[in-house]
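Peer 1: Before we start, here is the structure in question, set down as structure tokens.
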Amino acid sequence: MSNTQMADKDVLLDIFTRADLIMQSDRRFRKMIGAGQLQIVYYPVRGQEVVSAAMMAAINQDDYLVTIYRGLHDQLAKGIPSKDLWAEFAGKVTGTCKGKGGPMHITHPETGVMVTTGIVGSGIPIANGLGLASQLEKDNKVTVCCFGDGASNIGAFHEGLNMAQIWKLPVIFLCQNNHYGEHTHMRDTTGSKTIAQRGEGLGMRSVRVNGNDASEMYAAAKEAVDHARAGNGPTLIEAMTFRFHGHLLGDTSHYIPKEEMEQAREDDPMPILRQQLLDLQVSEADIAAIEAKNTATIDEAAQFALDSDYPPGDEYRIDVLDVEIAA
Amino acid sequence: MSDEKPQEIMFAQACNMAMARAMADDDKVILLGEDIADKEGGGVFKVTAGLSEKYGTDRVRSTPISEQAIVGAAVGSALVGYRPVAEIMLMNFITVAMDQLVNHAAKLRFMSGGQTSVPLTIRTTTGAGTGLGGQHSDMLEAWLAHVPGLKVVAASNPADAYGLLYSSIMDDNPVVFIENTPTYFTKGPAPAPDHVVPLGKASVPREGTDISLITYGRGVGASHAVAEKLAGEGISCEIIDLRTIAPFDEETVLKSVAKTRAAVVVHEAVKNFGTGAEISSRIHEELFSDLKAPVGRVGSGYAPVPFSPTIEKAWMFSEDDIEREVRKILG
């Protein structure tokens with residue numbers, strides 16, 4: 001972290017704008033679920049905002065993203081409009097997927113979000129297919145594939161990274177290492193010290209960075225993207241981060257030692273990034289304006305989700321195949 | 001044309017020709033699979049022989065032995081407009097890739113609210129009777145037919161294989177196309193180059209009046225043999241070759257049984273919980289009061305495919321089983 005040059009002010013502002021939207025959205029979801037306004041299973045993303053925001057700031061809207069059930073941060077950072085995303089989380093007909101996917105299965109091709117999977121590790125082989133299409137098409141797109149530290153223990157990780165490497169696919173494998181797979185610490189589940197070591201073992205360019213440091217994360221992301229666009233193949237980025245609200249909402253994180261949680265809170269990426277902006281002479285008023293704009297976006301999105309209708313029951317017969325299933 | 005001797009081709013050749021045709025028609029058709037390029041032999045059964053020489057190894061890719069990665073690469077490329085044809089060498093190996101096939105290929109159209117689709121084809125081969133034992137010759141079509149969003153296809157002869165595989169590749173839904181190892185090198189009449197068999201349409205290769213034999217794949221040949229034998233005794237069998245197992249052509253099946261008022265469903269797969277149960281049940285639901293007797297089922301025994309020829313033969317569905325079932329129903 002200490003060796004990385006500070007990113008440009010504009011880049012940091014971009015990252016902050018995305019990260020703050022994520023932080024505020026996460027907070028609002030938890031609040032509304034807690035108040036009974038939404039009845040959904042929710043996988044909190046508080047603490048992982050900067051990893052996503054910096055990664056997505058380094059790619060374009062038409063680049064592809066494959067992510068997982070803990071994906072709100074990735075989806076917002078990639079640019080899915082909040083209204084569409086909120087409505088889908090709420091299961092409404094106005095959502096990205098007409099309410100047929102839900103929080104664990106978000107798709108939004110307009111912003112390159114091609115798959116959100118609820119199966120650990122399964123996005124990795126699919127990301128290869130997107131990368132293969134780009135390679136054949138020579139469209140210069142990259143695919144970012146997000147997963148957690150737990151995914152490196154499932155077979156798809158090893159099969160997928162190996163294939164990406166032998167075919168030099170333009171894919172960035174972004175392992176967001178928050179130390180815990182569900183309730184179990186990585187040290188109790190993982191034979192290697194790091195996930196990056198596993199990438200190296202598969203012959204892949206692999207780096208381990210402090211994902212909570214915007215400049216360091218952005219530099220690693222940019223380098224991986226340039227590497228892929230130049231036709232040099234994939235990179236595994238192991239981005240170290242933390243999740244503050246457990247595996248899913250309601251989880252009290254009782255399995256996380258108090259000292260570890262306290263340290264993580266001290267390292268909370270959001271206040272650090274905010275302070276970095278102030279240090280770069282961004283005014284408090286300018287930052288407050290970004291935050292207020294994000295709040296307004298969320299106000300509107302949340303209301304839209306609440307006000308929208310549920311899809312008609314008959315909708316289940318549509319989109320199973322390319323023709324409607326008879327009633 | 002009529003006085004010319006019809007040209008014959010092998011089943012494996014028909015599959016090869018269907019892929020060659022699809023690749024020529026649409027440059028988004030790509031092939032993935034273990035050993036499928038010519039450098040590696042053009043596939044373990046040579047079904048893809050010559051295709052990488054003609055279309056290049058960018059489009060005809062030999063892969064590692066990684067079924068999840070193969071099917072995943074097919075899913076991902078299909079999401080953005082490709083028509084990948086993934087060869088899963090043997091049907092048992094599909095079990096290794098079931099997550100990609102069942103949780104992703106079959107569901108992404110639905111879960112995305114129709115924003116994406118997965119027009120991939122999985123080609124796979126299987127079939128018992130040649131001593132391949134418990135992990136190289138299972139018929140698993142019922143597993144797949146139970147998954148909404150997947151189409152399952154099986155051809156019984158080379159011409160249908162040609163027309164059905166081409167339709168499978170060009171279909172906008174994920175399709176599993178089941179080939180049959182023991183009949184790969186069996187010959188049949190060659191199709192016209194533009195021959196197409198639509199998915200979801202059964203054929204009636206033999207018309208009859210006393211009983212309907214509803215079957216697919218290798219069950220069709222066995223049913224023909226039995227029908228021929230029984231014809232000598234004045235028993236008239238109609239044969240329905242489903243061709244597409246899921247979703248199956250209910251209209252043709254029900255029309256036939258409404259006429260014959262008796263039916264046996266025949267398949268090589270294990271009888272218990274097989275596709276025969278669904279087809280039989282649909283017939284009972286629609287035509288119960290018209291039936292001369294309950295619908296019969298013929299399938300293989302409730303056991304893994306055995307190795308030793310004596311046990312394998314005893315376990316496997318047979319022409320004798322079909323004949324016995326027909327006599328029981330008409331008796």
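Peer 1: Where the second residue is acidic (D, E) and the first is without any contact (Cβ under 8 Å) to a residue 60 or more places away in the chain and lies in segment B:118-130, which pairs have Cβ atoms under 7 Å and are six or more apart or on separate chains?
Peer 2: From residues that are without any contact (Cβ under 8 Å) to a residue 60 or more places away in the chain, the pairs are B:P119/B:D171; B:P119/B:D172; B:T124/B:E179; B:T126/B:D138.
Peer 1: For the structure I just gave you, tell me whether B:G113 is farther than 25 Å from B:S137 by Cα, in contact with a Gly (Cβ under 7 Å, 6 or more places away or on another chain), at pLDDT 95 or above and surrounded by fewer than 24 Cβ atoms within 10 Å (Cβ to Cβ).
Peer 2: Judged against the criteria, B:G113 is a match.
Matching residues to (1) more than 14 Å from every other protein chain (Cβ to nearest Cβ); (2) touching a residue at least 12 places away in the same chain (Cβ under 8 Å); (3) over 18 Å from the mean Cα position of the chain (by Cα):
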{"residue": "A:A164", "(1), (2), (3)": "no, yes, yes"}
{"residue": "A:F173", "(1), (2), (3)": "no, yes, no"}
{"residue": "A:K193", "(1), (2), (3)": "yes, no, yes"}
{"residue": "A:A196", "(1), (2), (3)": "yes, yes, yes"}
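Peer 1: Let me confirm something: among B:E268, B:E312, B:E319, B:E325, which residue is under 15 Å from B:A145 (Cβ atoms) and touching a residue at least 60 places away in the same chain (Cβ under 8 Å)?
Peer 2: Selected residue: B:E268, the only one of B:E268, B:E312, B:E319, B:E325 that is under 15 Å from B:A145 (Cβ atoms) and touching a residue at least 60 places away in the same chain (Cβ under 8 Å).
Peer 1: Can you tell me which residue is nearest to the chain's Cα centre (by Cα) among those in segment B:77-91 that are over 14 Å from A:D322 (Cβ atoms) and within 9 Å of another protein chain (Cβ to nearest Cβ)?
Peer 2: Checking each candidate, the answer is B:P84.
Peer 1: From the list B:T183, B:T252, B:T215, which one is in contact with a Ser or Thr (Cβ under 7 Å, 6 or more places away or on another chain), surrounded by 15 or more Cβ atoms within 10 Å (Cβ to Cβ) and either modelled with pLDDT under 95 or away from chain A (no Cβ under 14 Å) (or both)?
Peer 2: Exactly one of B:T183, B:T252, B:T215 is in contact with a Ser or Thr (Cβ under 7 Å, 6 or more places away or on another chain), surrounded by 15 or more Cβ atoms within 10 Å (Cβ to Cβ) and either modelled with pLDDT under 95 or away from chain A (no Cβ under 14 Å) (or both), namely B:T215.
Peer 1: Right, here's the next one. A:C97 passes all but one of (1) more than 22 Å from B:G72 (Cβ to Cβ); (2) in contact with a His (Cβ under 8 Å, 6 or more places away or on another chain); which number fails?
Peer 2: Checking A:C97 against (1) more than 22 Å from B:G72 (Cβ to Cβ); (2) in contact with a His (Cβ under 8 Å, 6 or more places away or on another chain), the one that fails is (1).
Peer 1: Being surrounded by 13 or more Cβ atoms within 10 Å (Cβ to Cβ) and either basic (K, R) or not in a helix (DSSP H, G or I) (or both) is the filter here, so list the residues in segment A:1-35 that pass it.
Peer 2: Passing the criteria: A:T4, A:M6, A:A7, A:K9, A:R18, A:R27, A:R28, A:R30.
Peer 1: Of the residues in segment B:122-137, how many are touching a strand residue (DSSP E or B) at 6+ places or on another chain (Cβ under 9 Å) and either within 8 Å of chain A (Cβ to nearest Cβ) or farther than 26 Å from A:H158 by Cβ (or both)?
Peer 2: Total meeting the criteria: 7.
Peer 1: Quick one: is A:D319 exposed (fewer than 12 other Cβ atoms within 10 Å of the Cβ) and either at pLDDT 95 or above or within 14 Å of chain B (Cβ to nearest Cβ) (or both)?
Peer 2: no
Peer 1: Check off (1) at the interface with chain B (Cβ under 8 Å from one of its Cβ atoms); (2) in a loop (DSSP other than H, G, I, E, B); (3) over 25 Å from A:D319 (Cα atoms) for A:T96 and give me the number that stays unchecked.
Peer 2: Going through the list (1) at the interface with chain B (Cβ under 8 Å from one of its Cβ atoms); (2) in a loop (DSSP other than H, G, I, E, B); (3) over 25 Å from A:D319 (Cα atoms), A:T96 breaks only (3).
Peer 1: Can I ask one more? Show the residue pairs meeting these rules: Cβ distance below 8 Å; 6+ apart or different chains; first residue within segment A:125-137 and within 7 Å of another protein chain (Cβ to nearest Cβ); second residue charged (D, E, K, R) and in a helix (DSSP H, G or I).
Peer 2: Filtered contacts from segment A:125-137: A:P125/A:E159.
Peer 1: Please count how many residues of segment B:66-105 are surrounded by fewer than 24 Cβ atoms within 10 Å (Cβ to Cβ) and closer than 19 Å to A:Y69 by Cβ.
Peer 2: 3
Peer 1: While we're on this one: For segment B:297-314, what are the residues that are of a type in the set (G, A, S), farther than 14 Å from B:M139 by Cα and either in a helix (DSSP H, G or I) or under 21 Å from the mean Cα position of the chain (by Cα) (or both)?
Peer 2: Selection gives B:A314 alone.
Peer 1: Mind listing just one residue for me: the one in segment B:99-124 that is touching a Leu at 6+ places or on another chain (Cβ under 8 Å) and assigned to a loop (DSSP other than H, G, I, E, B) and, of those, nearest to B:D58 (Cα to Cα)?
Peer 2: B:V118
Peer 1: Restricting to segment A:19-42, name every residue that is modelled with pLDDT of 95 or more, of a type outside the set (D, E, K, R) and within 18 Å of the chain's Cα centre (by Cα).
Peer 2: If the condition is that a residue be modelled with pLDDT of 95 or more, of a type outside the set (D, E, K, R) and within 18 Å of the chain's Cα centre (by Cα), then A:A19, A:L21, A:I22, A:M23, A:Q24, A:S25, A:F29, A:Y42 are the ones that fit.
Peer 1: Here's something else I'd like to know. Check whether at least one residue in segment A:150-162 is more than 22 Å from A:G191 (Cβ to Cβ) and surrounded by fewer than 22 Cβ atoms within 10 Å (Cβ to Cβ), and report yes or no.
Peer 2: Within segment A:150-162, none of the residues are more than 22 Å from A:G191 (Cβ to Cβ) and surrounded by fewer than 22 Cβ atoms within 10 Å (Cβ to Cβ).
Yes/no per residue for (1) surrounded by 12 or more Cβ atoms within 10 Å (Cβ to Cβ); (2) of a type outside the set (D, E, K, R):
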| residue | (1), (2) |
| --- | --- |
| B:H284 | yes, yes |
| B:L287 | yes, yes |
| B:Y302 | no, yes |
| B:I311 | yes, yes |
| B:E323 | yes, no |
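Peer 1: Filter segment B:40-65 for residues that are surrounded by fewer than 22 Cβ atoms within 10 Å (Cβ to Cβ) and over 22 Å from A:Q135 (Cα atoms); which is farthest from the chain's Cα centre (by Cα)?
Peer 2: Residue satisfying both the conditions and the ranking: B:E40.
Peer 1: Right, next: Checking the conditions here, which among A:F304, A:F242 is surrounded by 17 or more Cβ atoms within 10 Å (Cβ to Cβ) and under 21 Å from the mean Cα position of the chain (by Cα)?
Peer 2: After ruling out the rest, the residue left standing is A:F242.
Peer 1: I'd like to know if segment B:172-184 contains one or more residues that are of a type outside the set (K, R), out of contact with any strand residue (DSSP E or B) (no Cβ under 7 Å at 6 or more places or on another chain), assigned by TED's automatic domain parsing to the domain that holds B:S117 and farther than 27 Å from B:S137 by Cβ.
Peer 2: The answer is yes; a qualifying residue exists.
Peer 1: Just a yes or no: is a residue in segment A:68-76 in contact with a Phe, Trp or Tyr (Cβ under 9 Å, 6 or more places away or on another chain), within 19 Å of B:V75 (Cα to Cα), of a type outside the set (A, V, I, L, M, F, W, C) and surrounded by fewer than 24 Cβ atoms within 10 Å (Cβ to Cβ)?
Peer 2: yes
Peer 1: Anything in segment B:186-198 that is surrounded by fewer than 20 Cβ atoms within 10 Å (Cβ to Cβ) and under 16 Å from the mean Cα position of the chain (by Cα)? List them, or say none.
Peer 2: B:T186, B:V196, B:P198
Peer 1: Name the strands (runs of 3 or more DSSP E) wholly within segment B:214-282 that hold at least 2 residues that are among the small types (G, A, S)?
Peer 2: B:263-270
Peer 1: Is segment B:92-106 home to any residue that is over 22 Å from A:I119 (Cα atoms) and within 14 Å of chain A (Cβ to nearest Cβ)?
Peer 2: Checking segment B:92-106: not a single residue is over 22 Å from A:I119 (Cα atoms) and within 14 Å of chain A (Cβ to nearest Cβ).
The values are calculated or read from the model by the stated rules, or taken from the named source; none is laboratory data. Predicted model only: the values in this text are computed from it and were never measured. Cβ atoms come from the backbone with ideal geometry, glycine included; neighbour counts cover every protein chain shown.
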